[in-house]
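Colleague: Have a look at this one.
A short reminder: the numbers here are calculations on the coordinates, not readings from a lab. The structure displayed is predicted, hence computed values, not measured ones. So basically every Cβ, Gly included, is an ideal-geometry build from the backbone, and we count neighbours across all protein chains shown.
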Amino acid sequence: NAGVMQNPRHLVRRRGQEARLRCSPMKGHSHVYWYRQLPEEGLKFMVYLQKENIIDESGMPKERFSAEFPKEGPSILRIQQVVRGDSAAYFCASSPPRGVQDTQYFGPGTRLTVL
Amino acid sequence: LAKTTQPISMDSYEGQEVNITCSHNNIATNDYITWYQQFPSQGPRFIIQGYKTKVTNEVASLFIPADRKSSTLSLPRVSLSDTAVYYCLVGPNDYKLSFGAGTTVTVRA
């Protein structure tokens, strides 16, 4: 059973470009969570999604960031007009549909570098 | 969320037991204590969770005193592959995980 998959593992963008980060949850998991880890800091919650629904986006910056989890395909975290401060590791986690108290399984992360 | 304090780093040698203590003086009644492990260039991995007393699994043990104001993660007989950052999380058992700086454990041969 494959774990949570994220791609790309490394992404380089110039200021002003768009970044698209993909996350495929573990098989059978329908809850997806995105976290951001800035250099020398711990992971911070960004957004919680279920299929076709955003449940909690309280950790998302108000502008330029968006997330989706369509009925088919991976979850996407989209960052428009990237700035240097967006450089970080972005982790996706998933959990089974039984409930939010289930353990979250993390992917390997996407390391975004903004030049 | 309860604030946690844990050592920034710890050094150990192969075969030794490593104990990491986390302080959480403001823990709430409905808060759980959860520990995660993170290797370089990887996402965190759940290790163990407890509410009170002692919890043990195949990886580690978690000791929680009666007042729950601290907890200790115990890693028995560590190996080089246990070198990682260990995070103590304290909060209600919901989805919004909050990670601090963690404890960097370095195991030497």
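Colleague: Using alpha carbons only, how many angstrom separate the centre of region B:1-57 from the centre of region A:60-76?
Modeller: That distance is 31 Å.
Colleague: For A:Glu40 and B:Lys54, FRET efficiency with R0 = 45 Å and r from the beta-carbon atoms, rounded to 0.05?
Modeller: Efficiency, from the Cβ-Cβ distance: 0.85.
Colleague: Which one, A:Asn7, A:Pro25, A:Gly42, is farthest towards the positive end of the dipole of chain A when Lys and Arg carry +1 and Asp and Glu -1 on their Cβ?
Modeller: A:Asn7
Colleague: Moving to a separate point now. Could you check the simple spin-label distance between A:Ile55 and B:Thr83, using points 7 Å along Cα→Cβ, in nm with one decimal?
Modeller: 3.8
Colleague: Let me ask another. Might you report the magnitude of the Cβ-based charge dipole of chain A about its Cα centre, with Lys and Arg at +1 and Asp and Glu at -1, to the nearest 20 debye?
Modeller: Taking the Cα centre of chain A as origin, the dipole is about 400 debye.
Colleague: At a threshold of 8 angstrom on Cα-Cα distance, excluding pairs fewer than six apart, so keeping six or more, what relative contact order does region A:1-46 reach in percent?
Modeller: RCO, region A:1-46: 32 percent.
Colleague: With the cut-off at 1.5 for a/c, could you classify chain B from its C-alpha gyration tensor as rounded, prolate or oblate?
Modeller: In terms of gyration-tensor shape, prolate.
Colleague: Treating only the Cβ of Lys, Arg, Asp and Glu as charged (+1, +1, -1, -1), what charge dipole size does the protein assembly as shown show about its Cα centre? Round to the nearest 20 debye.
Modeller: With Lys and Arg at +1 and Asp and Glu at -1, about 520 debye.
Colleague: Still on this model: Pick from B:Thr56, B:Thr21, B:Thr29 the residue whose mean-square fluctuation is largest in a GNM of chain B, springs joining Cα atoms under 10 Å.
Modeller: Judging by the Gaussian network model, the answer is B:Thr29.
Colleague: Does the protein assembly as shown come out rounded, prolate or oblate, given a ≥ b ≥ c as the square roots of the eigenvalues of its C-alpha gyration tensor, rounded meaning a/c under 1.5 and, failing that, prolate meaning a/b above b/c?
Modeller: Prolate shape, in that a/c is at least 1.5 and a/b is the bigger ratio.
Colleague: Further question: Looking at the square roots a ≥ b ≥ c of the eigenvalues of the Cα gyration tensor of chain A, which shape do they give, rounded for a/c under 1.5, prolate if a/b is larger than b/c, or oblate?
Modeller: Prolate shape, in that a/c is at least 1.5 and a/b is the bigger ratio.
Colleague: Okay, moving on. Among the listed pairs A:Lys44/B:Lys69; A:Lys71/B:Lys52; A:Lys44/A:Lys71; B:Lys69/B:Lys96, give every one whose C-alpha distance is greater than 32 Å.
Modeller: In this structure, A:Lys71/B:Lys52 lie more than 32 Å apart at Cα.
Colleague: Let me ask something else. Which of B:Gly43, B:Gly91, B:Gly15 ends up with the largest GNM mean-square fluctuation for chain B, with Cα atoms connected below 10 Å?
Modeller: Answer for the Gaussian network model of chain B: B:Gly43.
Colleague: Need one number: nm distance between label points at A:Gln80 and A:Lys62, each 7 Å from Cα along Cα→Cβ, rounded to one decimal.
Modeller: 1.6
Colleague: Need the full-extension length gain, B:Gln16 to B:Gln42, defined as separation in residues times 0.36 nm minus the C-alpha distance. One decimal, nm.
Modeller: This chain segment gains 6.9 nm when fully extended.
Colleague: Relative contact order, percent, of chain A when contacts are C-alpha pairs under 8 Å separated by at least 6 residues?
Modeller: Worked out over chain A, it gives 37 percent.
Colleague: Additional query: Could you pull out the GluC sites (Glu not before Pro) across region A:1-86 that fall in loop regions by DSSP (anything but H, G, I, E, B) with no more than 15 other Cβ atoms inside 10 Å?
Modeller: A:Glu18, A:Glu40, A:Glu41, A:Glu52, A:Glu63, A:Glu72
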